[in-house]
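The values are calculated or read from the model by the stated rules, or taken from the named source; none is laboratory data. This one's a predicted model, so the numbers in the text were calculated from it and none came from an experiment. All Cβ positions, glycine included, derive from the backbone under ideal geometry; neighbour counts span all protein chains shown. Side chains are part of the model used for accessible areas, which takes the heavy atoms of the whole protein and leaves out ligands, DNA and RNA. Shrake-Rupley method; radii C 1.70, N 1.55, O 1.52, S 1.80 Å.
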Amino acid sequence: MSMNFKRRLPIPKEIREEMPLSAEMAAKKPAFDQRVADVLTGADPSRRLLIIGPCSADREDSVLEYVTRLAKLAERVEDKLVVVPRVYTNKPRTRGTGYKGLLHNPDPEGAPDLLEGVKAIRHMHLRVVEESGLFTADEMLYPSNYQYLVDLLSYIAVGARSVENQEHRLVASGVSCPVGMKNPTGGSADVMLNSIYAAQAKQTFIFRNWEVETTGNPLAHAVLRGYQGLDGINYPNYHYEYLERLAAKYDAEKYANPAAVIDCNHDNSGKRPLEQLRICHEVTYSCMQNEAIDRLVRGFMVESYLEDGNQPVDGGVYGKSITDACIGWENTEKLVLDIAERI
């Protein structure tokens, strides 16, 4: 057993300087970020957040085509939804093997190349922002890497496998944008709420060889993605009764800005992507029936791409997921317009 240090990679500042955000878009980001924050804090009760896009942003051309369409759709529903494109460039793997996202595999069929990977993720996010006018969301799989994209991201997710990790919680407390803390794969609401509490607190820790202090992140919040029971069966946690109990437990006396985003795929759908339409419909109906649920549920997370379903890494279908199955564009448009109509 050994660890081979292959080569020094550029630090995030070097990559940001090599591929800078334009002054025009940098000037627009604070207003975009404020719209996202206002939904999560309840300052804007008339709109909801929608984090939507491919399970994995595997190739730049199809992702750009998808987000270009999404930007036009977002304009049609801007009075009801704040849309953040999901551009997830690193993927957690349950068994640690296989395709790990653009960061590891800029060529999905090629060998890992992390030097090209850090450049590829910056280039993709940057083009999405500059060409669509929408700032992006990504998953913080590796806490030290988010700074490659820090000036482009308006939303960060901490996944079900990472939410109990101390470093993820501490770094989330110093991030300048909202961080969604998912419930763990085993489903514990207490673990999720503890992660939110830690992310909202002031913290001191070592980060990239620095001793750092954070002020806490008041926009850390819950993401409900369902869970898998000990019996191996998928169990959802978006139903009325669960949301009612969570709203009572997740209160403003202990937490700043209690808010939940419903992840409509993963264990909530049993990885059946077309169920996402029904799940959104059910949750919006629950919000209509219960004021506490309506205050709690501030948005939705949806896996969507150009084509329905998924395929192997070498499948070759343009705009079709090579990880979890997604809904295609026709169903995406239907889902977004339906949510907007029901809010």
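Applying the criterion of being touching a helix residue (DSSP H, G or I) at 6+ places or on another chain (Cβ under 7 Å) and open to solvent by 10 Å² or more (accessible area, probe 1.4 Å) to the residues of the range 58-82, the residue that is nearest to N331 (Cα to Cα) is R69.
Quick one: would you say Y99 is open to solvent by less than 10 Å² (accessible area, probe 1.4 Å), in contact (Cβ under 8 Å) with a residue 12 or more places away in the chain and part of a loop (DSSP other than H, G, I, E, B)? No. Any residue at all in the range 150-163 that is without any contact (Cβ under 8 Å) to a residue 60 or more places away in the chain, open to solvent by 40 Å² or more (accessible area, probe 1.4 Å) and closer than 30 Å to L230 by Cβ? Scanning the range 150-163 turns up no residue that is without any contact (Cβ under 8 Å) to a residue 60 or more places away in the chain, open to solvent by 40 Å² or more (accessible area, probe 1.4 Å) and closer than 30 Å to L230 by Cβ. Scanning the range 251-291 for residues that are assigned to a helix (DSSP H, G or I) and either open to solvent by less than 20 Å² (accessible area, probe 1.4 Å) or touching a strand residue (DSSP E or B) at 6+ places or on another chain (Cβ under 9 Å) (or both) turns up H266, D267, N268, S269, Q276, L277, I279, C280, V283, T284, S286, C287. Exactly one residue out of G53, G117 is in contact with a Leu (Cβ under 7 Å, 6 or more places away or on another chain), of a type in the set (G, A, S) and either under 28 Å from K271 (Cβ atoms) or surrounded by fewer than 16 Cβ atoms within 10 Å (Cβ to Cβ) (or both): that is G117.
With the requirement that a residue be open to solvent by 10 Å² or more (accessible area, probe 1.4 Å) and either touching a helix residue (DSSP H, G or I) at 6+ places or on another chain (Cβ under 9 Å) or in a loop (DSSP other than H, G, I, E, B) (or both), what does the range 103-114 give you? It would help to see each step written out before you state the result.
Looking only at the range 103-114, we keep the residues that are open to solvent by 10 Å² or more (accessible area, probe 1.4 Å), and these are 104-114.
Within the range 103-114, H104, N105, P106, D107, P108, E109, G110, A111, P112, D113 meet the criteria.
Quick one: in the range 318-327, which of the residues that are under 12 Å from S62 (Cβ atoms), in contact with a Leu (Cβ under 8 Å, 6 or more places away or on another chain) and of a type outside the set (F, W, Y) is surrounded by the most Cβ atoms within 10 Å (Cβ to Cβ)? So that I can check it myself, show each step before the final result.
Pass one, the range 318-327, residues under 12 Å from S62 (Cβ atoms): 318-322, 326.
Imposing the further condition that a residue be in contact with a Leu (Cβ under 8 Å, 6 or more places away or on another chain) reduces the set to 318-320.
Those still in the list that are of a type outside the set (F, W, Y) too: 319-320.
Working: G319: 18, K320: 20.
Selected residue: K320.
None of D294, D314, D308 is charged (D, E, K, R), open to solvent by 20 Å² or more (accessible area, probe 1.4 Å) and modelled with pLDDT under 95 except D314. Looking at the range 215-246, which of its residues are of a type in the set (V, I, T) and more than 22 Å from the chain's Cα centre (by Cα)? The answer is T215, I233.
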